[in-house]
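Since every read-out is calculated from the coordinates, none of them should be taken as a lab result. Since we're looking at a predicted model, the values are computed, not measured. Cβ placement follows ideal geometry from the backbone for every residue including glycine, while neighbour counts extend to all protein chains displayed.
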Amino acid sequence: MVCFSSVTAGSSLGSWVSSAGGSTSVLSAVVSSEVSVSLMERMMRGWCRMGDRHARDVKATEEKLCIDEGEASRNKAMPRDQTTRTTMIMNCLATKAISTIRPAFTRGIHATTTSTAKVAVLGAAGGIGQPLSLLCKLSPEVDELSCYDIVGTPGVAADLSHIPSKSSTLGRLPSPVKWPMGPNEGLKETLEGADVVVIPAGVPRKPGMTRDDLFNTNASIVKTLVEGCAQFCPDAMIAVISNPVNSTVPIAAEVLKKAGVYNPKKLAGVTTLDVCRANTFVANSQGWDPKDVDVTVIGGHAGITILPLFSRVNGAKFTDEELEALTVRTQFGGDEVVAAKAGAGSATLSMAYAGFVFAENVLKALRGEEVTQCAFVESSLTEAPYFASPVKFGKNGVEEILPLGELSAYEKQWLDKMMPELKKQIQKGIDFVNK
Ligand SMILES: NC(=O)c1ccc[n+]([C@@H]2O[C@H](COP(=O)([O-])OP(=O)(O)OC[C@H]3O[C@@H](n4cnc5c(N)ncnc54)[C@H](O)[C@@H]3O)[C@@H](O)[C@H]2O)c1
């Protein structure tokens with residue numbers, strides 16, 4: 001046991017020892033070098049003074065130091081021999097500093113910056129990435145915005161940085177390939193310390209394509225980026241936008257599992273756009289203000305795997321035909337945008353809004369607010385291993401997956417219909433990483 005009562009946790013002395021390398025061996029090496037004992041004493045006195053504002057004098061500080069090498073030696077007086085005395089004090093300091101500082105480091109960087117929130121957007125120069133980054137830049141929840149893409153992010157970040165909001169903005173590209181090979185510094189700087197990573201990187205649909213048609217390109221992009229998350233920000237909440245979400249979320253999970261850092265509470269697919277569409281369509285049909293509606297949308301994020309639960313919308317009245325039309329329009333709302341853009345991509349502005357709503361809700365939850373929103377997460381609600389449903393988010397990410405409750409006969413029939421498709425797309429993602 002080391003007793004070191006006068007230098008408290010978090011003192012500047014503790015910080016100094018950590019920044020100097022913070023290991024007993026480093027300090028022992030200094031002690032055994034040519035440096036004279038009296039110089040060592042002087043340095044020690046200086047450090048003790050720095051580290052303990054409350055100690056009246058260095059002597060008092062030293063008297064409070066004791067090193068216990070077992071019960072027999074508890075509280076024994078400091079040895080008179082100066083060299084041994086100095087070495088013991090140095091070892092004592094180093095041990096105390098390391099035991100104080102190490103837990104903070106092993107908890108991860110964000111544990112030391114709980115008062116600031118860092119969001120990383122991967123694919124930040126794209127159709128979704130740019131407006132999403134803009135909304136993040138405007139959010140009071142964001143202190144640091146980190147934009148990463150394979151093109152254009154220095155420009156995007158420079159542009160955003162002129163907006164007078166509190167967050168700082170960083171724009172990074174992948175670092176050039178070099179030899180010897182090293183980590184992608186651009187991705188590293190983007191991700192280190194991130195609390196939330198939002199991933200809209202990848203190619204969008206063209207008319208006639210399903211989200212699954214994007215698999216071949218986007219699967220590798222998401223895999224590479226999540227490998228970066230595993231390495232540089234293993235504790236961050238990862239929000240996947242890149243399609244096909246039904247497969248890219250399982251891909252992300254498998255990558256994190258392989259790296260030994262998978263935490264199901266910290267991974268979600270963003271299905272918020274389905275909720276936005278359902279709210280808008282049902283409000284329009286009823287002549288309501290969409291802000292007063294919050295439709296639960298369950299399942300996945302592709303065609304028939306999207307299931308809005310309109311039976312739960314209080315006060316809504318529609319015929320069976322209207323219900324069918326609203327349900328199908330919500331399931332295939334993305335196709336409307338793809339067709340209207342005529343080859344120029346899929347939903348970007350509404351998706352940026354939806355991605356931002358999701359990310360900002362997660363930030364609020366991480367700082368202690370309880371937030372419930374639909375998300376595609378690892379789930380045991382159905383036979384599909386991942387499922388979108390209302391989820392409670394809190395300080396640790398996903399805190400609770402809420403029960404599904406009773407579905408109407410109409411909704412049950414859609415749930416049965418989607419299940420084989422959803423499970424197939426999930427399995428495709430799992431197999432991609434483990435092939
Ligand atoms: N979840 C949803 O509800 C939803 C809705 C709409 C679109 N999407 C999906 O979002 C993705 C992006 O759509 P978009 O319209 O913004 O496409 P986009 O082509 O406009 O932008 C994609 C960006 O990703 C970047 N990128 C590509 N590879 C990268 C890599 N390895 N690392 C970092 N960045 C990389 C590109 O350079 C580009 O800037 C698509 O997969 C699309 O299907 C999802």
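Worth pointing out:
- Checking every one of the GluC sites (Glu not before Pro) in segment 347-433 against DSSP loop status and a limit of 13 other Cβ atoms within 10 Å picks out Glu369, Glu370, Glu383, Glu406.
- Nitroxide proxy distance, nm - points 7 Å out along Cα→Cβ at Asn284 and Val328: 1.6 nm
- Placing unit charges on the Cβ atoms only, positive for Lys and Arg and negative for Asp and Glu, gives segment 276-322 a dipole magnitude near 140 debye about its Cα centre.
- Straight-line reach from Lys266: taking Cα to Cα under 20 Å and skipping same-chain neighbours fewer than 8 places apart, the lysines in range are Lys118, Lys188, Lys223, Lys257, Lys258, Lys364, Lys392, Lys395.
- Within segment 170-250, the trypsin sites (Lys or Arg not before Pro) that combine a DSSP coil assignment with at most 15 other C-beta atoms in a 10 angstrom radius are Lys178.
- The order of Val313, Val270, going from fewest to most other C-beta atoms within 10 Å of their C-beta, is Val313, Val270.
- Residues His301, His162 arranged by fewest to most Cβ contacts within 10 Å: His162, His301
- Extension gain, Met209 to Glu189, is 3.7 nm, computed as 0.36 nm per intervening residue step minus the present C-alpha separation.
- Short-range pairs are left out: with C-alpha atoms under 8 Å and at least six residues apart, the relative contact order of segment 116-435 is 18 percent.
- Taking label positions 7 Å along the Cα-Cβ direction at both Glu399 and Ser165, the computed distance is 2.5 nm, reported to one decimal.
- Spin-label model, Ile150/Arg367: points 7 Å from Cα along the beta carbon direction are separated by 3.5 nm.
- Charge dipole magnitude, Cβ of K and R +1, D and E -1 - segment 116-435, Cα centre, debye nearest 20: 700 debye
- Net charge in the neighbourhood of Asp431 (other residues with Cβ under 11 Å of its Cβ; Lys, Arg +1, Asp, Glu -1) is +2.
- The residue list Gly300, Thr327, Pro290 was ranked by how far each Cα lies along the charge dipole of segment 288-333 toward its positive end, using unit charges on Cβ atoms, and Gly300 comes out on top.
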